[in-house]
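A short worksheet on the structure shown next.
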Amino acid sequence: SGLEIWCIENLRLVRVPKSSHGKFYTGNAYIVLNTVLPKIGPAQHDVHYWLGNDAKEVDSALASDKALELDAALGSCTVQYRELQGLETEKFLSYFRPCVIPVEGVYSSLEGHLNGETYKVNMLTCKGDHVVHIKEVPFSRSSLNHDDVFILDTASKIFLFSGCNSSIQERAKALDVVQYIKENRHGGKCDVATIEDGKFVGDSDVGEFWSLFGGFAPIPRDSPSSFQKKSYNPAVKLFWITMEGKLCQTGTHSLTKKMLEADKCYLLDCGTEIFVWMGRKSSVSERKISISAAEEDRKAAISHMNAAVDSMKGDPVLAQVVEDKEPDQFFLIFQTLIIFKGGMSKGYKQFIAEKGIGDETYHEKKTALFRVQGTSPSNMQAIQVDAPTWQPMSVREGSEHDIFWNALGGKAEYPREKELKGYVEDPHLFALNISEAVKTCLMAGSGYFATWLELLLSDNFKVKEIYNFTQDDLTTEDVLVLDCHREIYVWIGCHSNVRSKHQALNLGLKFLEMDILVEGLCLETPIFIVTEGHEPPFFTRFFEWDASKANICGNSFERRLAILNGKPQNLEDISFPPLTASHECSGIYKKFMEVTLQGDNSRWLEKQVCTPSAEQRSPAQGVGLSQSDGSGDCVNFLIYPYERLKVTCKDPVADIDVTKREAYLSEEDFQEKFGMTKGAFYKLPKWRQNKLKMSVDLF
């Protein structure tokens, strides 16, 4: 898994060492292969061929041919991208955060060759709120405009000029580029100055900036942007590619999947992007939408939930959970949960009366049959199921009477093991791009929002995936969705336009309805509403989380500028709301909620749940000790053979922390199974650790 890069040098492919990844020369063509190993299924490959502005035509053609050969070698199942300098895709740029700044000259694999690279004053323009597109522009006043962000890199100081029409997010990401230039071109030793468009009096940095252009002069209002503006409603055209290579237009705008025939190839022209779709003999799965009979009750529950959230002093996580789709966190809160048939509400009684359905509501005087299930004492459920009409009797597996099988329609094969939920998929992060019309509704209040939401979202709700995401992509001005397939999280930034969790819940439901990844998302998928600064551990586990970043005040630009200057200011302490009697049933849950609100939850939860007892840490005769558990504390673990630590072992080791099976491996066994040291393993995000443990049967 990961990146492999080759450069075309003297009409042959030369592997680029990892130390040079992200450094592209304008006179060359490159091939970039990114491989992802999912939990289930084959490897996923993306092949990008990048063409520098000064690359030779023969090198560009060879890169295209080699990309096709690479696709064939990988089973013709890759997605290929043609990347032009300055017009790279966001997925390509996400591999090389914070930015790709092409270097003039040509690449040489010979050591000690300067490749034509010399230091010079240059001016760059930046565009993008999650990944940054960078273009070098002439060092001239005429290059400046009001829409973009510019970086002027001089020998002693780096200037950041923000056009008055640029967004806060763009300015913040440009600061990441400034930090990159400072560290890589200046060895971390240079001054940084920020210049705002229109402010030019009383600031020495502003005067110095304009003096480099020969003095101040106003920027014309109609100065064009350095970047082509992307339309969210481009003129989309679909063409069928004939055997002769001709394009036959087959549709515009209102395109459906039915237009794509499995035995043909198509070209989709989206204006700023072009897609070539190669058909394969396969059927397209259709969305399945479930409609609950108790929809008058669901709305009432949401209303009560919102009232409870609004009445609390803190900022709790809100989650919508549907029966049979409950996430693990839901069961852990209750520990023991009993679910009865039927219902007690007026809405349910009215529903069964209108449909002529018998009332199966549980009653203590009636005989009831329950299915008991769970994976541990802290995760047990008893669910009422249909009871047999005859006298109950005990039946042992393997000794069933014929009457037992006849009642089930005859003897047949059945699952021999406990049915377990599938793994949480590798998560995908999406930014919700909400139009100004929807923002107006959001600002106007919940009533107005509810009235117009469905109408507006149909055409004004856009979603953009953020590739290779990190915690830094959780921008305070944004609303984002973390899609884990089995559950989704709607994250609300403090400076976003979403004002209530109810509004965020509606956005989450719209996301499920759109099913961006065509993964068969159900509208009953659990939705968690998480607010910035109050992220619980079951959300932060998907990131390499730094709690200090989550507690800095200001907008995204102010925060990054404070970090760049070494002067971050923390948010004020958050008061802990009183817990109700029902919450106080569990001391560990109370403490968990307290540290969650204080923003320092991940490490506390790991230590409480994962640190072994004193008996487990006691050394035994003839047994070695391991001192790495990823918590940062010096904790001794007994060392056991890999075979006795496996989940499927018939003679497992007793009295170990089953959530840390890998910690009991010797360093040699750990290196053999995971291909890395324990130290490197525990630096990975939690979800990636769990994925690796699953692959070796330790989770």
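The values are calculated or read from the model by the stated rules, or taken from the named source; none is laboratory data. What you are looking at is a predicted structure, and each value in this text was computed from that prediction instead of being measured. We place every Cβ from the backbone using ideal geometry, glycine too, and count neighbours over all the protein chains shown. The protein model used for the area step is the full one, side chains on, heavy atoms only, and it has no ligands, DNA or RNA in it. Shrake-Rupley method; radii C 1.70, N 1.55, O 1.52, S 1.80 Å.
List every residue pair whose Cβ atoms sit under 8 Å apart, with the two residues 6 or more apart in sequence or on different chains, where the first one lies in the range 351-373 and is more than 17 Å from residue 388 (Cα to Cα) and the second, anywhere, is open to solvent by 90 Å² or more (accessible area, probe 1.4 Å) and among the acidic types (Asp, Glu).
351/296
Could you please find all residues in the range 53-100 being of a type in the set (A, V, I, L, M, F, W, C) and open to solvent by less than 40 Å² (accessible area, probe 1.4 Å)?
Going through the range 53-100, the residues of a type in the set (A, V, I, L, M, F, W, C) turn out to be 55, 58, 61-63, 67-68, 70, 72-74, 77, 79, 84, 87, 92-93, 96, 99-100.
Those that are of a type in the set (A, V, I, L, M, F, W, C) and open to solvent by less than 40 Å² (accessible area, probe 1.4 Å): 55, 62, 63, 67, 70, 92, 93, 96, 99, 100.
Among the residues of the range 661-697, what is the count of those that are among the aliphatic types (A, V, I, L, M) and either under 16 Å from residue 643 (Cβ atoms) or touching a residue at least 40 places away in the same chain (Cβ under 8 Å) (or both)? Even if it seems obvious, please write down each step before you answer.
Applying the first criterion (among the aliphatic types (A, V, I, L, M)) to the range 661-697 yields 663, 665, 676, 680, 684, 692, 694, 696.
Still in the list and also either under 16 Å from residue 643 (Cβ atoms) or touching a residue at least 40 places away in the same chain (Cβ under 8 Å) (or both): 665, 684, 694, 696.
The qualifying residues number 4.
In this structure, is residue 131 open to solvent by less than 40 Å² (accessible area, probe 1.4 Å) and either in the same structural domain as residue 562 (by the TED database) or part of a loop (DSSP other than H, G, I, E, B) (or both)?
yes
Here are some residues: 480, 512, 507. Which one is within 17 Å of the chain's Cα centre (by Cα), among the hydrophobic types (A, V, I, L, M, F, W, C) and more than 26 Å from residue 691 (Cβ to Cβ)?
507
For residue 429, all conditions in the list (1) outside any loop (DSSP other than H, G, I, E, B); (2) at pLDDT below 85; (3) surrounded by 15 or more Cβ atoms within 10 Å (Cβ to Cβ); (4) aliphatic (A, V, I, L, M) hold save one; what is the number of the exception?
Only one criterion in (1) outside any loop (DSSP other than H, G, I, E, B); (2) at pLDDT below 85; (3) surrounded by 15 or more Cβ atoms within 10 Å (Cβ to Cβ); (4) aliphatic (A, V, I, L, M) is unmet by residue 429, namely (2).
Could you tell me which numbered condition residue 374 fails, if it satisfies all but one of (1) at pLDDT 80 or above; (2) in a loop (DSSP other than H, G, I, E, B)?
Single failed check for residue 374: (2).
Among the residues of the range 354-364 satisfying the criterion of being of a type in the set (Asp, Glu) and not in a helix (DSSP H, G or I), which is farthest from residue 382 (Cα to Cα)?
Here the answer is 359.
Is it fair to say residue 116 is within 16 Å of residue 33 (Cβ to Cβ), modelled with pLDDT under 85 and not in a helix (DSSP H, G or I)?
Considered against the rule, which asks whether it is within 16 Å of residue 33 (Cβ to Cβ), modelled with pLDDT under 85 and not in a helix (DSSP H, G or I), residue 116 comes out as no.
For the list (1) among the hydrophobic types (A, V, I, L, M, F, W, C); (2) open to solvent by less than 20 Å² (accessible area, probe 1.4 Å); (3) under 18 Å from residue 93 (Cβ atoms), I need the number of the one condition that residue 8 fails.
Only one criterion is unmet by residue 8, namely (3).
Out of the range 334-347, which residues are surrounded by 13 or more Cβ atoms within 10 Å (Cβ to Cβ) and within 17 Å of residue 382 (Cβ to Cβ)?
Hits for the range 334-347 are 334, 335, 337, 338, 339, 340, 341, 342.
Would you mind stating whether residue 178 is touching a helix residue (DSSP H, G or I) at 6+ places or on another chain (Cβ under 8 Å), of a type in the set (Val, Ile, Thr), closer than 30 Å to residue 473 by Cα and part of a helix (DSSP H, G or I)?
Yes: the conditions hold for residue 178.
Within the range 156-188, can you find the residues that are without any contact (Cβ under 8 Å) to a residue 24 or more places away in the chain and in contact with a Lys or Arg (Cβ under 8 Å, 6 or more places away or on another chain)?
Residue satisfying the conditions is 188 alone.
With a cut-off of at least 1 residues that are under 26 Å from residue 171 (Cα atoms) and in contact (Cβ under 8 Å) with a residue 24 or more places away in the chain, name the strands (runs of 3 or more DSSP E) lying wholly within the range 15-102.
Numbers: elements: 29-36, 44-51, 79-84.
In the range 15-102, 79-84 are the strands (runs of 3 or more DSSP E) which contain 1 or more residues that are under 26 Å from residue 171 (Cα atoms) and in contact (Cβ under 8 Å) with a residue 24 or more places away in the chain.
Which residues, counting only those in the range 142-165, are open to solvent by 10 Å² or more (accessible area, probe 1.4 Å), in a loop (DSSP other than H, G, I, E, B) and either of a type in the set (Val, Ile, Thr) or within 16 Å of residue 220 (Cα to Cα) (or both)?
Here is the first cut: in the range 142-165, the residues open to solvent by 10 Å² or more (accessible area, probe 1.4 Å) are 142-143, 146-147, 154-157, 164-165.
Narrowing further to those that are in a loop (DSSP other than H, G, I, E, B): 146-147, 154-156, 164-165.
Answer for the range 142-165, where residues must be open to solvent by 10 Å² or more (accessible area, probe 1.4 Å), in a loop (DSSP other than H, G, I, E, B) and either of a type in the set (Val, Ile, Thr) or within 16 Å of residue 220 (Cα to Cα) (or both): 146, 147, 154, 164, 165.
For the structure I just gave you, tell me whether residue 125 is at pLDDT 90 or above and surrounded by 15 or more Cβ atoms within 10 Å (Cβ to Cβ).
Yes: the conditions hold for residue 125.
So is residue 663 farther than 13 Å from residue 682 by Cβ and either modelled with pLDDT of 55 or more or hydrophobic (A, V, I, L, M, F, W, C) (or both) or not?
Against the criterion (farther than 13 Å from residue 682 by Cβ and either modelled with pLDDT of 55 or more or hydrophobic (A, V, I, L, M, F, W, C) (or both)), residue 663 does not qualify.
Here are some residues: 331, 351. Which one is part of a helix (DSSP H, G or I), at pLDDT below 85 and open to solvent by less than 40 Å² (accessible area, probe 1.4 Å)?
331
Residue-by-condition table, conditions (1) under 25 Å from residue 321 (Cα atoms); (2) open to solvent by 10 Å² or more (accessible area, probe 1.4 Å); (3) part of a strand (DSSP E or B); (4) outside the structural domain of residue 195 (by the TED database):
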{"site": "464", "(1), (2), (3), (4)": "no, yes, yes, yes"}
{"site": "489", "(1), (2), (3), (4)": "yes, no, yes, yes"}
{"site": "494", "(1), (2), (3), (4)": "yes, yes, no, yes"}
{"site": "505", "(1), (2), (3), (4)": "yes, no, no, yes"}
{"site": "518", "(1), (2), (3), (4)": "yes, yes, no, yes"}
{"site": "522", "(1), (2), (3), (4)": "yes, yes, no, yes"}
{"site": "533", "(1), (2), (3), (4)": "yes, no, no, yes"}
{"site": "557", "(1), (2), (3), (4)": "no, yes, no, yes"}
